[in-house]
Every structure is written in C-alpha cells, then in structure tokens.
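Notes for the one structure printed next.
The values are calculated or read from the model by the stated rules, or taken from the named source; none is laboratory data. All values reported here derive from a predicted model rather than from experimental measurement. Ideal geometry is used to build each Cβ from the backbone, glycine not excepted, and the neighbour counts take in all protein chains shown. Heavy atoms of the whole protein, side chains included, go into the accessibility calculation; ligands, DNA and RNA do not. Shrake-Rupley method; radii C 1.70, N 1.55, O 1.52, S 1.80 Å.
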Amino acid sequence: MNIPFSPPFIDDTIIDEVVDSLKSGWITTGPKVKALEEEIKKFSKAKEVLCVNSWTSGAIMMLKWLGVKEGDEVIVPAYTYSATALAVIHSGAKPVMVDICEDFNISVKAIKNAITKKTKAIVPVDIAGFPCDYEEIMQLVTSEEIKALFVPTSDIQKKAGRILVINDAAHSLGAFYKQGIPTGSETDIAIFSLHAVKNVTTAEGGAICLNLPVPFDNKELYTYLRQMSLNCQTKDAFSKSKAGGWRYDITGLGMKINMADVNAAIGLAQIRQYPLLLAERKRIFNTYNNAFKQLSWAIAPPSLENGKESSYHLYALRINDITEIQRDAIIDEISKRGVSVNVHFIPMPMLSFFKEQGYNIKDYPQAYKNYSCEISLPIYPQLQEEEVKFVIDTVKEAYQTIIKF
Ligand SMILES: *Cc1c(COP(=O)(O)O)cnc(C)c1O
C-alpha cells in the first residue's frame, strides 16, 4: 500500500466552481473572493475577514500596518513553521522566540518573561489545530502591569495602547477555543493559511480575521487593508473594469498580495462541505487515538481538553523515551513500507538561517523534546479505514524493528 501524506481534496463540486470562474470572464479578485470571505466569517465568527495570497504575506502586511520596525520585538514560539518568524523579520522587527508547553503550544509563562518595552505583538500558533490558551494571553496583554510597559511608536500602536495578539491560525480553521468560540474570533487578529496542505485550501492563500477592540472600526479597517493588499490603489480591477471607472489613485505604499477568484473558487467549494470534511478528519484522529492510547510507548496528541477542540489538522504522534536518531530510524522504516509521514516541526533554532542569527536550541528544551520524538501521520478525508489501520500497523512494526524489546 502507498499512502501519501496530504493530497488536496478535489471533487467535482470544486472543479465545477473553478470552471465557473474561468468561464465567467472574471478570474482575479472579485465575487468568489468576497463569497469565500463571507463563508470564513460564518465559520470563524470573526468580525471581518480579508483573503490574501498567503498566510505569510498577510502576516507581513498586518505587522507593517501595526508599524513595527527595527528595534521592535514580536514574541513567537520556537516550535512552529518558519513563516511565523520570517514574517516578523520581513516587517523589520526581531522575532523573540520562547519555549512551548508539553501540548506543543506556546507557554504563557515564557511569553510573560519575554515581554519588554520593545514588545509590539505576540504571535501564538495553534499547533496541529489545537488552540493556545487565549484567555490567559489576552489577560496578560490587557493587564495594567504589562500595559504600563508598552511604548507605542506608531499611530496604530498608540490607538491600540497595548501589545496586540495575532494568532497564527494556519492550522486551526474550524477549531474551537471554547465551546461556541471558534478560532479566528478570539484574538485581535488571526490569520488562517489556505495553502495546499491545510484543511481548507485555495492552492495558495490566507485569510486575515479582524476583531480589533474599540476605538478601531473593523469594517473601515477591512476596506483599508483590502486597498493595502492591492498596492494601496483606490479601485480594484473589478470596479475599474466597469464603464467610466478608469480613474484611480495610489494613497500609500501597499503590497500586491490579493487573492484571485480562480483560487477562491477552490476554497469556496471546499468550505461549503467543510463540516463533513472536518468530521472525517476527526474520525481518523479518533481511530489513531484508540490504537495508540493503548500502547505504553505512544503519546497521543491533544484534541479535546478544557473546552477546546482541535481542527484535527495533524496527528502529531510522539514516542516515549526515544532519541532523535531512533525517531529518524523509525521514520525510515515507516517510509520503506510505503507510508509518507512528516515531522512538525523542526524547531526554528535548529535551522541554519536562525542559528546564524544566534538562536540556540539549548534555550528551548521542551521544543527539542517534542521535536525529537514526534512523527506526524497522514490525516485527510480521503483516507479509508483500512488505510488508517495499515498506517497504525506500519508504525507499530517500525517501532518494534528499531526498539527491540
Ligand atoms: C503553513 C503555515 C504557515 C504559512 O502559510 P502560507 O499560507 O504557506 O504562507 C504559517 N504558519 C504555520 C504554523 C503553518 O503551518
């Protein structure tokens, strides 16, 4: 049996929606993007949603909007996909990496210890789709003690009056932070990724959720950011294409990161059936859980705890008492048998670019611990029950081959 890691979910409804865009005479930003934004708004309960061409570009734009610059600091977890920190570097600020908890997510205590007068934002990441402790994080940034430290250096920062929380929700569309509170609505800003391997995809894409507190006006901000994502041009191509709509202005230095309608079409057809697709992911997650929870050497990932519910984006299995070398050998054994697995994630301080800048994995013991024994198993709606069983048997065999007992 050959089991790929994460093929995209493409059925006829998706193909039809893309063909509809291609035949409509309008393929870039237009009605399909707008419709996708409305669907994501319903799912996330965010006040406003703006679609762009990736999580990364959306995060850079939001940090630029916040006015961060050289000398400023943005707190991120050491354990994430590198885009989280790369976006901060692109915006001109310094990513301050902190350690995680046993559940893979950023440690609130570590955040508190890392806050300085230079801190302008915190970017917690919902690893594998399991939400972070947002109540604690929001309490921290709104506390008098932490607000007193805040030194605003832009008009937006003055208006905010405190550190902003930008959730890297790349994995967590459809997750619940608390009963009835979906991710996307629980922080000032949250950004979903719609990249090809994510739960809902537009091939490449991102969705920025806006929930800023007063005195911000999220509707007004949506209009502003939409322009900012289109080179700060006062009219998009759709309005310019109408008779008499030719004149426009450029009001500032924007970015060119808008999403195209052909891309939005894929996501639109997917998100309409997302409740079903999510249920399928949960089914597979639970089949894995039932198998691995019985084994003393396996650690099942968190999914349902303290009112939180995961979006079941990854199945991050961990194996007790093994070294990084043994983990790598187990992966080789699994691969030999035709099952594609992955590691989420190599902590950023272990990657060349970040090492060169002085980050050291020794400062992040929990991140290293989780990384060194982690193997991500395939999880997606197309997986059949017998394939899931095959993955489970393969993992057990691989473990027994390497760790003889
Ligand atoms: C995928 C991912 C991103 C980047 O998303 P893009 O849309 O590819 O830019 C950011 N953060 C995390 C945690 C991710 O997994």
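Some values worked out for this structure:
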| read-out | value |
| --- | --- |
| Residue among Leu50, Leu63 that alone is touching a Lys or Arg at 6+ places or on another chain (Cβ under 7 Å) and open to solvent by less than 20 Å² (accessible area, probe 1.4 Å) | Leu50 |
| Which numbered condition Asp20 misses (of (1) away from the ligand (no atom under 16 Å from the Cβ); (2) open to solvent by less than 60 Å² (accessible area, probe 1.4 Å)) | (2) |
| Out of Ile331, Ile361, Ile403, sole residue that is among the hydrophobic types (A, V, I, L, M, F, W, C), open to solvent by 20 Å² or more (accessible area, probe 1.4 Å) and more than 26 Å from Ala291 (Cβ to Cβ) | Ile361 |
| Any hit, the stretch 219-238, residues being closer than 20 Å to Phe43 by Cα and either in contact (Cβ under 8 Å) with a residue 60 or more places away in the chain or assigned by TED's automatic domain parsing to the domain that holds Glu17 (or both) | yes |
| Contacts under 6 angstrom Cβ, first residue in the stretch 111-139 being more than 22 Å from Ile208 (Cβ to Cβ) and open to solvent by 50 Å² or more (accessible area, probe 1.4 Å), partner at pLDDT 95 or above and of a type in the set (D, E, K, R), 6 or more apart | Lys118/Asp72; Lys118/Glu73 |
| Test for Ala279: is it surrounded by fewer than 17 Cβ atoms within 10 Å (Cβ to Cβ), under 22 Å from the mean Cα position of the chain (by Cα) and among the small types (Gly, Ala, Ser) | yes |
| For Arg318: the one exception among (1) at pLDDT below 95; (2) surrounded by 13 or more Cβ atoms within 10 Å (Cβ to Cβ); (3) of a type outside the set (S, T, N, Q) | (1) |
| Matching option when the condition is open to solvent by 20 Å² or more (accessible area, probe 1.4 Å), within 23 Å of Asn53 (Cβ to Cβ), in a helix (DSSP H, G or I) and not hydrophobic (A, V, I, L, M, F, W, C), among Asn290, Asn286, Asn263 | Asn263 |
| Hits in the stretch 275-308 - residues which are among the charged types (D, E, K, R) and touching a Pro at 6+ places or on another chain (Cβ under 8 Å) | Glu280, Arg281, Lys308 |
| Failed item, numbered, when Gly174 is tested on (1) assigned to a strand (DSSP E or B); (2) within 16 Å of the ligand (Cβ to nearest atom) | (1) |
